[in-house]
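Participant: The structure's right below; bear with me while I get my questions together.
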Amino acid sequence: GGGAGAAMADGEGLVSVDYEVYGKVQGVFFRKYTQAEAKKLGLVGWVQNTSHGTVQGQIQGPTARVRELQEWLRKIGSPQSRISRAEFSNEKNIKALEHKEFQILK
């Protein structure tokens, strides 16, 4: 349901990309900061800790904004985090956002 968001239609498509961030990224509020950054950029998706000490999730939104969050995940993160690397996979163009918001999954 719902009409197509005209606000998004400024000539750039929507993309979806999965990510995983390695380094000291658990116990440093990484998920909370990622959620805040995503909301600031108007992106949707999710973030969660993995059992092997990384943080992973999915980002969806306008390509340029997704790129900004990818850079943030690669270089900045939360103040106490130490990112060794970020990997991105399964990038694809999407017709509509598949998430309502950006949430932290347990």
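Only the coordinates and a few stated rules stand behind these numbers; no lab work does. Treat the numbers as computed from the prediction; the structure is a model and nothing was measured. As a convention, Cβ positions derive from the backbone with ideal geometry for all residues, glycine included, and neighbour counts pool all protein chains shown.
Participant: Does the range 98-105 contain any residue that is touching a residue at least 12 places away in the same chain (Cβ under 8 Å) and within 19 Å of K24 (Cα to Cα)? Spell out how you get there, then give the answer.
Facilitator: Here is the first cut: in the range 98-105, the residues touching a residue at least 12 places away in the same chain (Cβ under 8 Å) are 98-105.
Filter again for within 19 Å of K24 (Cα to Cα), leaving 104-105.
Among the residues of the range 98-105, at least one is touching a residue at least 12 places away in the same chain (Cβ under 8 Å) and within 19 Å of K24 (Cα to Cα), which makes the answer yes.
Participant: Is there a residue being β-branched (V, I, T) and under 12 Å from the mean Cα position of the chain (by Cα) anywhere in the range 66-82?
Facilitator: First, pick out the residues of the range 66-82 that are β-branched (V, I, T): 66, 76.
Narrowing the set further to residues that are under 12 Å from the mean Cα position of the chain (by Cα) leaves 66.
Yes, some residue in the range 66-82 is β-branched (V, I, T) and under 12 Å from the mean Cα position of the chain (by Cα).
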